[in-house]
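Everything below concerns the one structure shown next.
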Amino acid sequence: MSFLKKFTNKLTAPEAIVQLVLSNYSVPSGTNIEGSLTVSPKEDFDTTEIRCEIQCVERARVIKPVYDATMKMSVPREVEEASVIFAAKPSLSGPTHFTNGEVRKFPITINIPAVGRITESSYYRNVTWTIKGVLAVDGRPDRTSQTAEIQVIPQNAQTVVTQKEVVRTVVMIPCRYCQGLMDQTLTTCPNCGAKRTI
């Protein structure tokens, strides 16, 4: 291998198509995500590990005192804070050699903890779960799949599939604070997060 090729390899990830496919993108907490990671290399290379990286991130809008240089004092401002609630890197395989032109599939089974947060989306708070496949390569950048977002639903939620069409009338009422429409059965506005007052 030429010096230039060795130098270029240190800056670039191996050429490969990495596809993450899950059997279901909506799972109850406490159950397993299942699927597969397919690797189609376009060159020969070695990996130190093949793994998935899954994490749950909560982003919340909060009021915090922020120093204002023009006023020379701290004033309350709305800021967004993010924190990682859960993160894991389950291994799918140890060191592996890949050859140009082959196709390999690695099964995935990852448990979502029962105490984990469910997916949530509102103006004030967002909880998102993401997962991606990673080919870890020593001395080169890792090759990763596209990051997929999954919905983690409550453990007792049931998905019922029927052949009958169900027609339900939903009465919408305006939120007192943001004026957005919301289902009258909700106690909290899905748009702004305010508690229902009427």
Conditions (1) of a type outside the set (S, T, N, Q); (2) within 16 Å of the chain's Cα centre (by Cα); (3) surrounded by 12 or more Cβ atoms within 10 Å (Cβ to Cβ); (4) at pLDDT 90 or above; number of the one not met by ALA87: (3)
Only one of GLU78, GLU58 that is surrounded by fewer than 15 Cβ atoms within 10 Å (Cβ to Cβ), at pLDDT below 95 and assigned to a strand (DSSP E or B): GLU78
Test: ASN100 is under 30 Å from CYS192 (Cα atoms), assigned to a loop (DSSP other than H, G, I, E, B) and of a type outside the set (Asp, Glu): no
Condition met for ILE108 (surrounded by 12 or more Cβ atoms within 10 Å (Cβ to Cβ), within 16 Å of SER36 (Cβ to Cβ) and among the β-branched types (Val, Ile, Thr)): yes
Top-ranked residue of segment 121-180 - restricted to ones that are at pLDDT 80 or above and of a type in the set (Gly, Ala, Ser), ranked as farthest from TYR25 (Cα to Cα): GLY139
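The values are calculated or read from the model by the stated rules, or taken from the named source; none is laboratory data. Worth saying up front: this structure is predicted, and the values here are computed from it rather than measured. Cβ atoms come from the backbone with ideal geometry, glycine included; neighbour counts cover every protein chain shown.
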